[in-house]
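Notes follow the structure.
The values are calculated or read from the model by the stated rules, or taken from the named source; none is laboratory data. All figures in this text were calculated on a predicted structure; none of them were measured in a lab. Ideal geometry is used to build each Cβ from the backbone, glycine not excepted, and the neighbour counts take in all protein chains shown. All accessible areas refer to the heavy atoms of the entire protein, side chains included, with ligands and DNA or RNA removed. Shrake-Rupley method; radii C 1.70, N 1.55, O 1.52, S 1.80 Å.
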Amino acid sequence: QMQLVESGGGLVQPGGSLKLTCEASGTRFFDFFNMGWYRQAPGKPRELVAAITGTTNSSYADFVRGRFTISRGSTMNTVYLQMNSLYPEDTATYYCSRNPPYNNWGQGTRVTVSS
């Protein structure tokens, strides 16, 4: 099973930016996988935030469109999530996985948007 490690989270003020990184290992086929960034806020279900195909076509949830950008890294097995104009309601633990996820998750990275 593919191993996933998310990083880049932290505390940021409303209106600020963060860039999350997802590094995958344990697969030779990463470049062919559709990947996604998901988030889960306390007491809420996990939701898909952004997705990218193997051919780098991207899609976004309505609540982040225009603010977040998903991309694949030039280095092997990496996916990024650039998050701009952050709102307090973006506070959550963010995970990357395949899209759909096939129940394959990393430990996530915590994002807190607060003044």
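Would you confirm whether any residue within the stretch 62-80 is of a type in the set (Lys, Arg), open to solvent by 60 Å² or more (accessible area, probe 1.4 Å), without any contact (Cβ under 8 Å) to a residue 12 or more places away in the chain and part of a loop (DSSP other than H, G, I, E, B)? Checked the stretch 62-80: at least one residue is of a type in the set (Lys, Arg), open to solvent by 60 Å² or more (accessible area, probe 1.4 Å), without any contact (Cβ under 8 Å) to a residue 12 or more places away in the chain and part of a loop (DSSP other than H, G, I, E, B). Scanning the stretch 32-48 for residues that are in contact with an Asp or Glu (Cβ under 9 Å, 6 or more places away or on another chain) and closer than 16 Å to Ser97 by Cα yields Trp37, Tyr38, Arg39, Gln40. Residues in the stretch 82-113 that are assigned to a strand (DSSP E or B) and farther than 20 Å from Pro45 by Cα: Gln82, Met83. Residues in the stretch 13-66 that are modelled with pLDDT under 95, farther than 22 Å from Gln1 by Cβ and within 16 Å of the chain's Cα centre (by Cα): Thr56, Asn57. Within the stretch 2-48, the set of residues being within 13 Å of Ser71 (Cα to Cα) and either small (Gly, Ala, Ser) or not in a loop (DSSP other than H, G, I, E, B) (or both) comprises Lys19, Leu20, Thr21, Cys22, Glu23, Asp31, Met35, Gly36, Trp37.
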